[in-house]
Amino acid sequence: MPESAYGPTNNCIGIGNVLRERGHRVVFAAERSWEGRLSDLGFVEDLVDLAPPPPADAPEQAAGQFWTDFIRDTSPEFRKPTIEQLTTFVQPTWQALIDGAMYCEPQLREIIARHQPDVVIEDNVNCFPALVTAGVPFVRMMSCNPLEVRGPDVAPVFSGYAADDRTGWDEFRAEYDRTHRPMWGAYNEWVQSCGAPALADLDFIHTSTHLNMYLYPGAVDYTDRRPLDATWQRLDSSVRTTDASFEVPDNLRGGEGALIYLSLGSLGSADVDLMKRLVEVLGRTRHRFIVSKGPLADTYDLPANMWGAQQVPQTNVLPLVDLVITHGGNNTTTECFHFGKPMIVLPLFWDQYDNAQRVHETGFGVRLPTYSFADDELTGAIEQLLADGALRARMDAIGADVRTRSGVVRAADLLEGVA
């Protein structure tokens, strides 16, 4: 059961495809808007509603539409400091996730009863009691930044604060406690009323006693500051092989400058004003751009040095480009390491600030203020990273190493071991 967003779902697709190819039956209890998209890949769909379904005559929703709408409507909050977003974005997001879990709990119990799974895997940030009370091993998959597993020697999750400067850490944690404890307490009571164990303090999901997998490249992991026990296993990447093939479009072949990929993810790109500004600034450079335009692609145009579509097959685009401009979503971040691509990171929400800060402080890219960067900051960062031959060689070597340790194969091996 993945969260209803492209990152977690694509992660599960990559792992599930290896399991399917090995002859296992893989059932997706994804959110309803993914209907038809998973069965086309050979999976069994038994989908859930996270809220009352729309009227029968309502237009069909795009995959992950619930979160696309939510992010679009709350995007003004992304201009605030992360500590202020705890009240205006992070806590309401948790509440929306909790409401979805409560609504679909009866549906999940029916799905478990129908399929009698041998192993249950959840890639999400909050608990669904039916998944941990199924009477079979529950595996937690974490495809967000690993600061989600908190510790005294790592920066607070969602803060985007520096690892080597503890300024503000205590204040951020205190504000998180103040804004989240009442909601967490009510949720913890409901989780236990469903027969599931109590949640750890201020955690919204259980840690598995069998297997916890997390998605993050070793080159930027936090393990030296927050060791994890043997139930935790890292996947340096989790790159699916189900994306469509891709060739550089004719208008971008053999042109001047570097080939650069621009993507703010399926959710971040719903902020059309931000996408328009990026396109306008980048359109005045000598470089060529492949643009993932997002769910509102028809609402803006691209200049001559760009090609774009609502969605692009990212895992087949990344090997072709020289640089990536990204929101810092965890899947995109790990895929950039998988293919050895430096990044400019423009974080918007959730763990994207943590990924942006980690990429910046470890020297694998540049973090910029998403809504207040100056034009020459963005164009200067592009030229800086393209001219850094030592960084490009280092990332090439890291990418080659990551690819030899195929994360999707390792995950499938681990899941078979649990089964």
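The values are calculated or read from the model by the stated rules, or taken from the named source; none is laboratory data. The structure presented is a predicted model; accordingly, all values stated were derived computationally and were not measured. FYI the Cβ positions are ideal-geometry reconstructions off the backbone, even for glycines, and counts take in every protein chain you see.
Residues in segment 165-188 include none that are within 27 Å of F349 (Cβ to Cβ), in the same structural domain as I15 (by TED's automatic domain parsing), of a type outside the set (S, T, Y) and at pLDDT below 95.
Is segment 379-387 home to any residue that is within 26 Å of E3 (Cα to Cα) and in contact (Cβ under 8 Å) with a residue 40 or more places away in the chain?
no
Looking only at residues that are buried (at least 22 other Cβ atoms within 10 Å of the Cβ) and of a type outside the set (S, T, Y) in segment 140-155, which one is nearest to the chain's Cα centre (by Cα)? Here the answer is C144. Of the listed requirements (1) under 30 Å from D73 (Cβ atoms); (2) touching a residue at least 60 places away in the same chain (Cβ under 8 Å), R403 misses just one: (1). Could you tell me whether segment 186-194 includes any residue that is out of contact with any Ser or Thr (no Cβ under 9 Å at 6 or more places or on another chain) and closer than 12 Å to M142 by Cα? No: segment 186-194 contains no residue that is out of contact with any Ser or Thr (no Cβ under 9 Å at 6 or more places or on another chain) and closer than 12 Å to M142 by Cα. Condition check for P303 on (1) in a loop (DSSP other than H, G, I, E, B); (2) within 23 Å of N10 (Cα to Cα): one failure, at (2). Conditions: (1) modelled with pLDDT under 95; (2) exposed (fewer than 15 other Cβ atoms within 10 Å of the Cβ). L38 meets all but one. Number of the miss? Of the numbered conditions (1) modelled with pLDDT under 95; (2) exposed (fewer than 15 other Cβ atoms within 10 Å of the Cβ), the odd one out for L38 is (2). Counting the residues of segment 45-95 that are at pLDDT 70 or above, part of a helix (DSSP H, G or I) and within 20 Å of P347 (Cβ to Cβ) gives 20. Of the candidates P137, P146, P182, the single residue that is of a type outside the set (D, E, K, R) and within 23 Å of Y353 (Cα to Cα) is P146.
Conditions tested, residue by residue: (1) touching a strand residue (DSSP E or B) at 6+ places or on another chain (Cβ under 9 Å); (2) surrounded by fewer than 21 Cβ atoms within 10 Å (Cβ to Cβ); (3) closer than 30 Å to G363 by Cβ; (4) among the polar types (S, T, N, Q).
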residue	(1), (2), (3), (4)
F128	yes, no, no, no
V136	yes, yes, no, no
V157	no, no, yes, no
R173	no, yes, yes, no
D177	no, yes, no, no
A186	no, yes, no, no
L211	yes, no, no, no
A219	no, yes, yes, no
L228	yes, yes, yes, no
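The single condition among (1) in a loop (DSSP other than H, G, I, E, B); (2) at pLDDT 90 or above; (3) of a type outside the set (S, T, N, Q) that D224 does not meet is (2). Only one of the listed residues (L348, L274, L323) is at pLDDT 95 or above and among the hydrophobic types (A, V, I, L, M, F, W, C). That residue is L323.
If you go through segment 284-295 and pick out every residue that is surrounded by 15 or more Cβ atoms within 10 Å (Cβ to Cβ), free of Cβ contacts under 8 Å to residues at least 40 places away in the same chain and assigned to a loop (DSSP other than H, G, I, E, B), you end up with 2.
Give all pairs with beta carbons closer than 6 Å in which a residue from segment 1-28 that is free of Cβ contacts under 8 Å to residues at least 24 places away in the same chain meets a residue that is part of a helix (DSSP H, G or I); count only pairs at least 6 apart in sequence or on separate chains. Correct list of pairs: V26/G16; V26/L19; V26/R20. Listed by position, the helices (runs of 4 or more DSSP H) enclosed by segment 313-419 that each have at least 2 residues that are surrounded by 21 or more Cβ atoms within 10 Å (Cβ to Cβ) and among the small types (G, A, S) are 407-418. Checked against the criterion of being part of a loop (DSSP other than H, G, I, E, B) and either closer than 23 Å to G16 by Cα or not assigned by TED's automatic domain parsing to the domain that holds G14 (or both), the candidates A134, A130 yield just one match: A134. Give all pairs with beta carbons closer than 6 Å in which a residue from segment 172-184 that is free of Cβ contacts under 8 Å to residues at least 24 places away in the same chain and assigned to a helix (DSSP H, G or I) meets a residue that is buried (at least 18 other Cβ atoms within 10 Å of the Cβ) and not acidic (D, E); count only pairs at least 6 apart in sequence or on separate chains. Hits for this filter: R173/P156.
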